[in-house]
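The block underneath contains the structure these notes are about, expressed in structure tokens.
The values are calculated or read from the model by the stated rules, or taken from the named source; none is laboratory data. Since the structure is predicted, the reported quantities are computational estimates derived from the model, not experimental observations. Cβ sites come from the backbone with ideal geometry, for glycine too, and all protein chains shown count toward neighbours.
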Amino acid sequence: MEKKKEINNQKSQGPTPFSQTYFHGTKIHRDIGDLIEPGFFSNFGKQKRAKYIFLSATLDAAIWGAELALAEGSERIYLVEPTGAIEDDPDLTDKKFPGNPTKSYRSQYPFRVVGEVKHWHGHPREQVEGMKQTLDKLREQGIDSLNDE
């Protein structure tokens with residue numbers, strides 16, 4: 001019995017070096033230690049003040065975020081850590097990809113920038129332009145992001 005108790009106590013220890021890595025794609029410059037917070041104008045949807053901010057556990061989803069962001073500036077991918085609760089991004093999980101294979105999340109709490117991915121490869125320009133056209137068509141049809149609510 002004592003051995004089992006010891007194993008259970010080990011499970012409740014603090015973070016390990018194998019904690020989840022999260023990414024945030026944008027065109028806005030941030031420094032290490034900065035907070036990315038909701039409340040600024042969104043790069044997507046209706047471009048109103050963002051109620052949520054977004055992160056992903058996959059580099060590919062963060063690359064899409066950087067490539068599709070409407071802000072001016074260089075595309076950037078940051079390593080971030082959430083400071084509060086995160087939840088599935090309903091635009092990607094409920095509407096397009098049940099089960100959240102893109103590992104895309106949103107939060108109303110800030111993310112702390114802990115690093116930047118300096119070397120990454122974007123999607124082919126034609127693929128990015130095709131995605132932008134698809135998003136434009138959805139907007140024309142009145143189909144907006146659930147994240148604008």
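Filtering PRO38, PRO98 for residues that are in a loop (DSSP other than H, G, I, E, B), modelled with pLDDT under 95 and either touching a Phe, Trp or Tyr at 6+ places or on another chain (Cβ under 8 Å) or surrounded by 12 or more Cβ atoms within 10 Å (Cβ to Cβ) (or both) leaves a single hit, PRO38.
Total residues in the range 50-78 satisfying the condition of being more than 10 Å from the chain's Cα centre (by Cα), in a loop (DSSP other than H, G, I, E, B), within 18 Å of MET131 (Cβ to Cβ) and not aliphatic (A, V, I, L, M): the figure is 1.
Among the residues of the range 102-138, those identified as in a strand (DSSP E or B) and either on the phi > 0 side of the Ramachandran plot or not aromatic (Phe, Trp, Tyr) (or both) are SER104, ARG106, SER107, ARG112, VAL113, VAL114, GLY115, GLU116, VAL117. Taking the conditions (1) at pLDDT below 85; (2) part of a helix (DSSP H, G or I) in turn, GLY45 satisfies each one other than (2).
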